[in-house]
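The next block holds one structure in the form of structure tokens; read it before the comments.
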Amino acid sequence: MTKFIFTILFSCCLSFIMSAWVTYINIGLTSDFINRWALAFINAWPAAFTAAYLLSSLVMRFTVFLITTLSKGKLKND
């Protein structure tokens, strides 16, 4: 349940920020910016949630691999 709630909150935050940024890059601060941003967010959030939920285990394993590999290399170089 923790993973599910974390993924909801995190993907929501990222979608909120990234949809605003991409909307701003594409159209600038126009009079309908908020409406277009809201539409972009509504379309982006489900995709962000799905990707984050499905990829989180893989990304965590890769993170552990990188940390383990880098810490071993650092110890050998010291």
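The values are calculated or read from the model by the stated rules, or taken from the named source; none is laboratory data. Predicted model, so just to flag it, every value in this text is computed and none were measured. Backbone-built Cβ (ideal geometry, glycine too); neighbour counts: all protein chains shown.
Per-structure values
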quantity	calculated
Residue check, ALA52 under 19 Å from the mean Cα position of the chain (by Cα) and over 28 Å from MET1 (Cβ atoms)	no
Residues (of a type in the set (Gly, Ala, Ser) and under 14 Å from TRP45 (Cα atoms)) located in segment 1-35	SER11, SER15, SER19, ALA20
Qualifying position, being assigned to a helix (DSSP H, G or I), charged (D, E, K, R) and touching a residue at least 12 places away in the same chain (Cβ under 8 Å), among LYS72, LYS3	LYS3
Segment 22-37, residues that are under 28 Å from LEU54 (Cα atoms) and either surrounded by fewer than 14 Cβ atoms within 10 Å (Cβ to Cβ) or aromatic (Phe, Trp, Tyr) (or both)	VAL22, TRP37
Matching entry among SER11, SER15, SER19 (being surrounded by 10 or more Cβ atoms within 10 Å (Cβ to Cβ), touching a residue at least 40 places away in the same chain (Cβ under 8 Å) and either in a loop (DSSP other than H, G, I, E, B) or of a type outside the set (A, V, I, L, M, F, W, C) (or both))	SER11
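So that you can scan it fast, the table gives a plain yes or no per residue for (1) in contact with a Leu (Cβ under 6 Å, 6 or more places away or on another chain); (2) more than 20 Å from ILE8 (Cβ to Cβ); (3) at pLDDT below 95:
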{"site": "SER19", "(1), (2), (3)": "no, no, no"}
{"site": "VAL22", "(1), (2), (3)": "no, yes, no"}
{"site": "ILE25", "(1), (2), (3)": "no, yes, no"}
{"site": "ILE34", "(1), (2), (3)": "no, yes, no"}
{"site": "PHE41", "(1), (2), (3)": "no, no, no"}
{"site": "ALA44", "(1), (2), (3)": "no, no, no"}
{"site": "PHE49", "(1), (2), (3)": "no, no, no"}
{"site": "SER56", "(1), (2), (3)": "no, no, yes"}
{"site": "PHE65", "(1), (2), (3)": "no, yes, yes"}
